[in-house]
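Peer 1: Dropping the structure in here first, questions after.
The values are calculated or read from the model by the stated rules, or taken from the named source; none is laboratory data. The model shown is predicted, which means the values in this text are computed figures rather than measured ones. Heads up, the Cβs are rebuilt from the backbone with ideal geometry, glycines too, and the neighbour counts pull from every protein chain shown.
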Amino acid sequence: MKYFLLSLGLTIMMSSNNLSAQKGSYLEAGFLFGVTNYSGDLTEKIIDLKATHPGYGAYMRYMFNRHVSIKGHVYSGAISGDDGRSPSLNKRYFRFGTNIVELGLVGEWHLWNRDRFSNTGIHRFFMYPYIYAGVGTTFARAEAE
């Protein structure tokens, strides 16, 4: 009897897993690469190329169906500012630098009923509106010099 219940339980779990896969649920993951830059009181320019740092991150999204998903992400980078590079601000000579790590969990509601992947598994690139809400936290420790 124990083996029958165990077999029945495993069969039900595997069946429900297959049914959810047939409804369009799937997991996707990706990496992000870019740059980070500081714009504030220690810079005159909107973008100071000398203060540009690499930025990177990773995310994982679970699509429950075509409309609802949940995404977790971690992003990281660094920012720095130095008013010594500015002719009008260099008298103060303030500068700082910090590493930044952001963690977040976001729920997404995709308004349009479009398949993100073709039948062969190739991602379709298009823009469409969605609504999102979530929570996140940022870790940074700015150190002034």
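Peer 1: Only one of VAL106, VAL68, VAL135 is aliphatic (A, V, I, L, M), exposed (fewer than 10 other Cβ atoms within 10 Å of the Cβ) and modelled with pLDDT of 80 or more; which?
Peer 2: VAL135
Peer 1: Going by the structure shown, is TYR59 touching a His at 6+ places or on another chain (Cβ under 9 Å), of a type in the set (Phe, Trp, Tyr) and surrounded by 10 or more Cβ atoms within 10 Å (Cβ to Cβ)?
Peer 2: Answer is yes for this residue.
Peer 1: Output the qualifying pairs, or none if there are none: Cβ atoms under 9 angstrom, residues six or more apart or on different chains, first residue in the stretch 27-39 and closer than 16 Å to ALA140 by Cβ, second residue part of a strand (DSSP E or B) and of a type in the set (Phe, Trp, Tyr).
Peer 2: TYR38/PHE96
Peer 1: Just to verify a result, which residue in the stretch 109-132, among those that are modelled with pLDDT of 90 or more and surrounded by 10 or more Cβ atoms within 10 Å (Cβ to Cβ), is farthest from PHE64 (Cα to Cα)?
Peer 2: In this case the residue turns out to be TYR132.
Peer 1: Specify the residue that is modelled with the lowest pLDDT; the eligible residues are those in the stretch 27-45 that are surrounded by 16 or more Cβ atoms within 10 Å (Cβ to Cβ) and of a type outside the set (Ser, Thr, Tyr).
Peer 2: Only one residue fits best here, namely LEU42.
Peer 1: Please work out if ASP48 is surrounded by 15 or more Cβ atoms within 10 Å (Cβ to Cβ), of a type in the set (Asp, Glu) and either touching a Leu at 6+ places or on another chain (Cβ under 6 Å) or without any contact (Cβ under 8 Å) to a residue 24 or more places away in the chain (or both).
Peer 2: No: the conditions fail for ASP48.
Peer 1: Sticking with this one: What do you reckon, is SER76 at pLDDT 95 or above, assigned to a strand (DSSP E or B) and either surrounded by fewer than 12 Cβ atoms within 10 Å (Cβ to Cβ) or of a type in the set (Gly, Ala, Ser) (or both)?
Peer 2: yes
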